[in-house]
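These notes concern the structure reproduced below.
What follows is calculated from the coordinates using simple rules that are stated; it is not laboratory data. All values derive from a computational prediction rather than experimental measurement. Don't worry about glycine lacking a Cβ; one is built from the backbone with ideal geometry, like all the others, and counts go over all protein chains shown.
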Amino acid sequence: MALVDFAERQLTLKLVYYGPPLSGKTSNLRALHDKVDKLNRGRLMALDTRDDRTLFFDLLPIFFRTSSFSFRIKVYTVPGQPVHEATRKVVLAGADGVVFVADSSPDQQDANRIAWQNLIANLRASAIERVPVVLQYNKRDLSNRVPLEDCDRFGDPLRPILEATARSGEGVIPTFFELVGSTWDYLDKDLQLSTKLGIDSAAFRVALAEHVGVVPNATIAR
Ligand SMILES: Nc1nc2c(ncn2[C@@H]2O[C@H](COP(=O)(O)OP(=O)(O)O)[C@@H](O)[C@H]2O)c(=O)[nH]1
Ligand SMILES: [Mg+2]
């Protein structure tokens, strides 16, 4: 759960990029790293191990401050391979918001479904099944990409899809803003963030855009 430190006037959010192996989760983080001003981010840390005895994930810290509060956003990716189940559980625990990075390649549609089911199971196991999950279809540059109207929306025909080509950075910022915005709204309900921090949803979004980059035209298919 998000950490609100009133003494330090600081809010810490934990956000997680989840999905099947090789769908582009790390590429999303790399693009985010490249686009966010270096004053507002730390190093992109990648921890690689050959097995699951130690943790295996990427972490990008992003921070900004408004006149009344400072914000720390820890953005993680999980490894998609089945063998890394333990890492996925640890990294997902306590998440405040999730992006599911689906692969647009036709031969990865089963992998998308398996990873989605794994996400739902692990959200339940951590008792955080209500956290917002933003759905991104990455690799939209593929000539044989699954057409948007055929993309699986995982049981909710109205679930919005964000399109991205993380390798070139396209769609990465709109996905991130959708993630942070829906995370704010979700936490606001439970923690009354707007009241406690003296900054409402709209003001928070403006502060985020001013400090972390301006959203180009979002491609959200509803
Ligand atoms: N065509 C295409 N390839 C991509 C895109 N994003 C990532 N990839 C490639 O997919 C592979 C896996 O990417 P990576 O970010 O490591 O995936 P992860 O396992 O989900 O972290 C790499 O070879 C990337 O270059 C994209 O938007 N389009
Ligand atoms: Mg990765």
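Tell me, what is the Rg over Rh of the chain, with Rh the Kirkwood radius over Cα pairs?
Rounded to two decimals, Rg over Rh is 0.95.
Give me the distance between the Cα centres of region 181-203 and region 16-42, rounded to whole Å.
24
What does the extension gain come out to for residue 192 and residue 144, with contour length at 0.36 nm per residue minus their alpha carbon separation?
12.8 nm
Just to be sure I understand the model, the point goes 7 Å from the Cα along the line to the Cβ. What's the resulting residue 86 to residue 8 distance in nm?
The modelled label-to-label distance comes out at 2.9 nm.
Where does each of 65-77, 106-118 land if you order them by average Cβ count within 10 Å, highest first?
Ranking, from highest mean packing down: 65-77, 106-118.
What is the sum of charges around residue 136, taking Lys and Arg as +1, Asp and Glu as -1, for the other residues whose C-beta is under 9 Å from the C-beta of residue 136?
Combined, the nearby Lys, Arg, Asp and Glu give -2.
Which length gain, in nm to one decimal place, applies between residue 44 and residue 107 when the Cα-Cα distance is subtracted from 0.36 nm times their residue separation?
Values: separation 63, 0.36 × 63 = 22.68 nm, distance 3.01 nm.
Gain on extension, residue 44 to residue 107, equals 19.7 nm.
Nearest 5 is fine: what % of DSSP beta bridges in the chain come out antiparallel, could you say? Don't skip to the answer; put the middle values down first.
Values: 18 of 39 bridges.
Of those bridges, close to 45 percent are antiparallel.
Highest mean first, what order results for 90-102, 128-140, 181-193 on Cβ atoms within 10 Å? Numbers along the way, then the final one.
Working: 90-102: 23.3, 128-140: 20.8, 181-193: 16.8.
Put in order of decreasing packing, that is 90-102, 128-140, 181-193.
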